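Novice: Following this message is one structure expressed as structure tokens.
The values are calculated or read from the model by the stated rules, or taken from the named source; none is laboratory data. Please read these numbers as outputs of a predicted model, since none were measured by experiment. Reconstructed Cβ throughout: ideal geometry from the backbone, glycine too, with neighbour counts over all protein chains shown. Surface areas here come from the heavy atoms of the whole protein model, side chains and all, with no ligands, DNA or RNA. Shrake-Rupley method; radii C 1.70, N 1.55, O 1.52, S 1.80 Å.
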There are 2 protein chains.
Amino acid sequence: MNITKTEKSRIEEVDFNNLTFGSVFTDHMFFCDYKNGAWQEPQIVPYGPISIDPSAKVFHYGQAVFEGMKAFKDDAGSTWLFRPEENWERINKSSERLAMPAFPKEFFFKGLETLLNLDNDWIKAGDGNALYIRPFVIATQPGVSASPSDQYRFMIICAPAQAYYSGEVSVLFAEKYSRAADGGVGFAKAAGNYASQFYPTNLAKERGYQQIVWTDANSHEYLEEAGTMNVFFRIGDTLLTAPTSDRILDGVTRKSIIQLAKDAGITVDVRPVKVSEIVAASKSGELKEIFGAGTAAVIVPFKSFGHQEKDYELPAQEDSYAARFKKALKDIQYNRATDPHGWRYEVK
Amino acid sequence: MNITKTEKSRIEEVDFNNLTFGSVFTDHMFFCDYKNGAWQEPQIVPYGPISIDPSAKVFHYGQAVFEGMKAFKDDAGSTWLFRPEENWERINKSSERLAMPAFPKEFFFKGLETLLNLDNDWIKAGDGNALYIRPFVIATQPGVSASPSDQYRFMIICAPAQAYYSGEVSVLFAEKYSRAADGGVGFAKAAGNYASQFYPTNLAKERGYQQIVWTDANSHEYLEEAGTMNVFFRIGDTLLTAPTSDRILDGVTRKSIIQLAKDAGITVDVRPVKVSEIVAASKSGELKEIFGAGTAAVIVPFKSFGHQEKDYELPAQEDSYAARFKKALKDIQYNRATDPHGWRYEVK
Ligand SMILES: Cc1ncc(COP(=O)(O)O)c(C=O)c1O
Ligand SMILES: Cc1ncc(COP(=O)(O)O)c(C=O)c1O
């Protein structure tokens with residue numbers, strides 16, 4: 001691996017108590033180019049603009065996938081990742097669906113850890129503080145014909161982040177627009193899946209909602225996931241969430257919560273969740289919580305949901321599952337609790 | 001508009017008789033940046049790499065749309081576009097769906113025409129020769145949070161092209177994978193729509209097909225369009241094509257063929273086309289042609305189609321609609337025929 005260190009760190013310019021999510025990047029970035037059928041020598045260089053042909057396939061045909069992960073610093077100064085192998089596997093699943101080459105495991109971990117060590121000062125201890133890590137792959141071959149690229153760039157960039165506070169979140173259940181088709185790429189972290197949500201989300205925002213919970217494109221009868229979070233429903237003391245499919249992202253936070261719930265003896269029903277049953281459970285008072293789950297925000301409790309011009313408030317909870325799982329997850333992530341499933345991964 | 005001319009044209013290095021589609025670009029490119037809520041001063045500069053932040057939203061969230069058009073040179077040396085206003089309107093429709101700002105008409109035409117005049121020598125006369133024109137817009141704001149960019153770049157790049165010969169084309173009717181969801185972005189020329197087709201198309205290629213004809217994602221019972229072409233079916237002497245919808249691109253070639261067919265007194269049925277009726281018509285001998293229609297290839301007759309492990313040959317046609325419409329379209333495009341609908345647009 002070639003490493004070129006920055007001549008002057010930018011860390012002094014950064015106010016770590018006033019960070020906008022994903023907008024300030026650390027001193028270095030990792031990249032590795034794919035050409036002639038092989039990944040080339042990986043590089044770490046100072047963070048900065050890249051030079052790319054305007055006909056590069058990523059700009060025209062959207063061959064681009066990404067991941068989102070976090071590094072946490074414990075009070076003793078050690079740095080931890082959370083289930084990083086899942087992200088490595090998933091970026092390759094996403095790549096496969098977009099006809100892009102897999103990135104080798106050794107390159108992924110070597111690049112990631114070397115980068116985290118180099119920019120270690122950017123990872124701050126303290127509850128809620130983390131380094132948000134963004135691995136991604138883009139198609140760099142020049143040429144405007146609609147076929148897979150034969151050149152790619154894998155990159156990792158990192159942004160320090162504070163506890164994610166999203167305010168009170170009201171969500172809208174989708175009725176007209178949709179996020180993913182059966183047989184499509186919804187399960188992949190493909191760049192194009194996100195741009196397509198912005199316009200419907202803007203319309204929802206105009207109506208006073210912060211996010212959309214997507215429903216199946218065929219009937220809009222089943223609840224699937226939010227823009228960057230999987231979604232859980234608590235009816236009585238049972239936790240409900242949609243099964244993953246080719247339309248739904250297989251979230252690391254989601255699968256960790258399912259495990260934590262099982263560990264705690266909570267019944268988890270992973271099955272299609274009907275809009276009508278959630279509305280009915282809200283009316284009958286059995287619906288206690290809905291929350292989103294994803295790496296960036298960990299867990300976001302929803303305050304209310306909108307469906308067909310009506311809004312349904314969610315009751316305040318004394319002992320909420322959302323708060324309980326958030327604490328349990330963070331305790332593992334920050335190395336404050338035992339880790340029975342071996343989810344923590346120390347950066348050495 | 002700021003214009004910086006190249007110091008040395010690359011045109012002498014180009015073999016205009018051996019062009020790979022979309023791989024060689026003219027001397028100049030047009031661009032215009034959007035920031036602070038407004039499109040800035042447009043620029044023409046020598047063709048070359050652009051510098052862009054690795055966190056630019058186009059790389060992560062796929063906010064990118066494009067167009068495809070052609071310029072034709074007639075034997076007297078005049079340059080013509082074909083229905084360019086349609087492309088300007090459509091790129092803005094695509095942009096709207098991806099929460100991107102519209103590009104003003106005057107900027108579009110001024111940029112396009114100035115660029116074509118500057119690179120006029122790259123447009124070669126002669127049947128089949130054309131300049132392929134690629135306007136596109138990408139999201140350039142740095143930042144890895146999933147929300148619309150507040151900075152964009154509109155660009156036009158151009159690639160000389162010869163007559164498109166795709167060989168004999170066998171297509172596969174999609175049964176498992178799909179291209180677009182109801183309520184999704186299939187009608188837009190959004191970058192992400194293309195990457196998602198590459199993997200299923202590779203699988204089809206392994207089975208000996210060149211392209212996929214997509215069917216509706218819900219039932220796979222209705223034929224929609226191909227990767228970069230709308231699709232027509234000729235049963236007896238009637239022409240059939242699917243209606244446009246939020247899943248199907250409203251192709252300029254498609255709408256021109258519908259008009260030409262009507263002008264020629266041919267019955268055109270624009271209605272959902274069932275897979276089962278095409279299979280039945282093939283068996284009964286009534287199915288005479290299937291062809292794709294799009295700017296790059298104009299019209300591509302299909303030789304056979306595959307459906308559920310079976311292949312169906314299409315009969316050779318003496319007086320094929322595909323050949324007839326292709327000639328009629330090209331005669332208008334190259335200024336060799338009258339232009340009753342005012343489709344030709346002279347670049348002055
Ligand atoms: C569409 C989508 N769903 C769900 C998630 C949550 O996944 P994870 O918990 O792995 O971050 C994300 C974000 O990563 C996402 O982009
Ligand atoms: C998905 C898709 N369908 C159809 C077409 C044909 O449209 P047009 O005739 O306007 O080129 C294209 C190409 O432009 C396309 O990308």
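Novice: Return the percentage of antiparallel bridges among DSSP beta bridges fully within the range B:169-333, rounded to the nearest 5 %. Display every interim value, and only then the final one.
Specialist: Details: 24 of 34 bridges.
Approximately 70 percent, going by the DSSP bridge assignments.
Novice: A follow-up question, please. Note down the relative contact order for the range B:273-314 as a percent, whole number, built from C-alpha pairs under 8 angstrom at least six residues apart. Numbers along the way, then the final one.
Specialist: Details: 36 pairs, mean separation 12.6, N = 42.
In percent, rounded to a whole number, it is 30.
Novice: While we're on this one: Straight-line reach from B:Lys262: which lysines fall under 22 Å, measuring Cα to Cα and dropping same-chain residues less than 8 apart?
Specialist: Excluding near neighbours in sequence, the set is B:Lys288, B:Lys326, B:Lys327, B:Lys330.
Novice: Which angle from 0 to 90°, rounded to the nearest 10, does the C-alpha axis of helix A:252-263 make with the longest principal axis of chain A?
Specialist: Between helix and principal axis, roughly 50 degrees.
Novice: Report the relative contact order of chain B, percent, no decimals, based on alpha-carbon pairs under 8 angstrom and at least 6 residues apart.
Specialist: Working: 704 pairs, mean separation 64.3, N = 348.
With pairs under 8 Å counted, the relative contact order is 18 percent.
Novice: If DNA, RNA and ligands are ignored and the probe is 1.4 Å, what is the ranking of A:Glu277, A:Glu96, B:Glu7, A:Glu224 by accessible area, most exposed first? Display every interim value, and only then the final one.
Specialist: Numbers: A:Glu277 50, A:Glu96 100, B:Glu7 190, A:Glu224 20 Å².
Heavy-atom accessible area, descending, gives B:Glu7, A:Glu96, A:Glu277, A:Glu224.
Novice: Right, something else. Nearest 10 degrees is fine. How inclined is helix B:105-118 to the longest principal axis of chain B, computing both from alpha carbons?
Specialist: Taking Cα atoms only, the helix is inclined about 80 degrees.
Novice: A follow-up question, please. Given the protein chains as shown and a 1.4 Å probe, how many square angstrom of B:Lys262 are accessible, to the nearest 10?
Specialist: Approximately 120 Å² for this residue.
Novice: Nearest-to-axis residue of chain B, judged by Cβ, for the B-to-A rotation, with distance in whole Å?
Specialist: B:Gly192, 1
Novice: Other chains' Cβ within 10 Å of A:201-213 residues: what's the mean? Display every interim value, and only then the final one.
Specialist: Values: counts 4, 3, 1, 0, 0, 0, 0, 0, 0, 0, 0, 0, 0.
Going residue by residue through A:201-213 and averaging, the value is 1.
Novice: Still on this structure: Considering only the label points, 7 Å along Cα→Cβ from Cα, what distances in nm to one decimal separate B:Trp39 from the same position in each other copy, shortest first?
Specialist: Spacings between copies for this position, smallest first, are 4.2 nm.
Novice: For B:Thr79, tell me the accessible area in Å² from a 1.4 Å probe, rounded to the nearest 10.
Specialist: Roughly 10 Å² of B:Thr79 is accessible to a 1.4 Å probe.
Novice: Also, quick follow-up: Once phi is turned into ³J(HN,Hα) by the Karplus curve 6.51 cos²θ - 1.76 cosθ + 1.60 with θ = phi - 60°, what whole-Hz value does each residue of the range A:123-135 show in order, with x for glycine and proline?
Specialist: Values, residue by residue: 9, 9, 6, x, 4, x, 6, 6, 10, 7, 10, 10, x Hz.
Novice: In addition: Magnitude of the Cβ-charge dipole of chain A, K/R +1 and D/E -1, about the Cα centre, nearest 20 debye?
Specialist: 200
Novice: Using alpha carbons only, how many degrees (0 to 90, rounded to 10) separate the axis of helix A:275-284 from the longest principal axis of chain A?
Specialist: The two axes meet at around 50 degrees.
Novice: List the extent of the Cα atoms of the range B:169-333 along each of their three principal axes, largest first, rounded to whole Å.
Specialist: 37, 33, 25
Novice: Shortest first, in nm, what separates the label point of A:Ala76 from those of the same position in the other copies (7 Å along Cα→Cβ)?
Specialist: The answer, with the shortest distance listed first, is 8.6 nm.
Novice: To the nearest 20 debye, what is the magnitude of the charge dipole of the range B:208-269 about its Cα centre, counting +1 on the Cβ of each Lys and Arg and -1 on the Cβ of each Asp and Glu?
Specialist: Details: 5 positive and 9 negative charges, 40 e Å.
Dipole size: approximately 200 debye.
Novice: Further question: Return the long-range amide H neighbours of B:Ile3 (sequence gap of 5 or more, or a different chain), with a cut-off of under 5 Å between placed amide H atoms.
Specialist: The list, which skips near neighbours in sequence, is B:Ile44.
Novice: On to the next question. What does the buried accessible surface come to for A and B, summed over both chains, with the probe at 1.4 Å? Round to 100 Å².
Specialist: Numbers: alone 15830 and 15850 Å², together 27080 Å².
Heavy-atom accessible area buried at this interface is about 4600 Å².
Novice: Net charge around A:Gly265, counting only other residues with Cβ within less than 15 Å of its Cβ (Lys, Arg = +1; Asp, Glu = -1)? Intermediate results must be reported in sequence, preceding the final value.
Specialist: Numbers: positive: A:Arg234, A:Lys262, A:Arg324; negative: A:Asp237, A:Asp263, A:Asp269, A:Asp319.
Every neighbour counted, the sum reads -1.
Novice: In whole Hz, what ³J(HN,Hα) sequence does the range B:140-157 give by Karplus (6.51, -1.76, 1.60; θ = phi - 60°), x for Gly and Pro?
Specialist: For the range B:140-157, the Karplus-derived couplings read 10, 5, x, x, 9, 10, 7, 8, x, 5, 10, 9, 9, 10, 9, 9, 10, 10 Hz, x marking Gly and Pro.
Novice: Further question: Would you list A:Arg254, A:Arg324, A:Arg153, A:Arg207 from the most to the least accessible area, probe 1.4 Å?
Specialist: Details: A:Arg254 15, A:Arg324 95, A:Arg153 45, A:Arg207 120 Å².
Solvent-accessible surface, decreasing: A:Arg207, A:Arg324, A:Arg153, A:Arg254.
Novice: How far, in nm to one decimal, is B:Glu313 from itself in the other copies if the label point is set 7 angstrom along Cα toward Cβ? Shortest first, please.
Specialist: 7.3
Novice: For A:Met29, A:Met1, give the ranking by accessible area with the largest first, probe 1.4 Å. Walk me through the intermediate numbers first.
Specialist: On the way: A:Met29 10, A:Met1 65 Å².
From most accessible down to least: A:Met1, A:Met29.
Novice: Give, rounded to the nearest 20 debye, the magnitude of the charge dipole that the protein assembly as shown has about its Cα centre when Lys and Arg contribute +1 at Cβ and Asp and Glu contribute -1 at Cβ.
Specialist: 40
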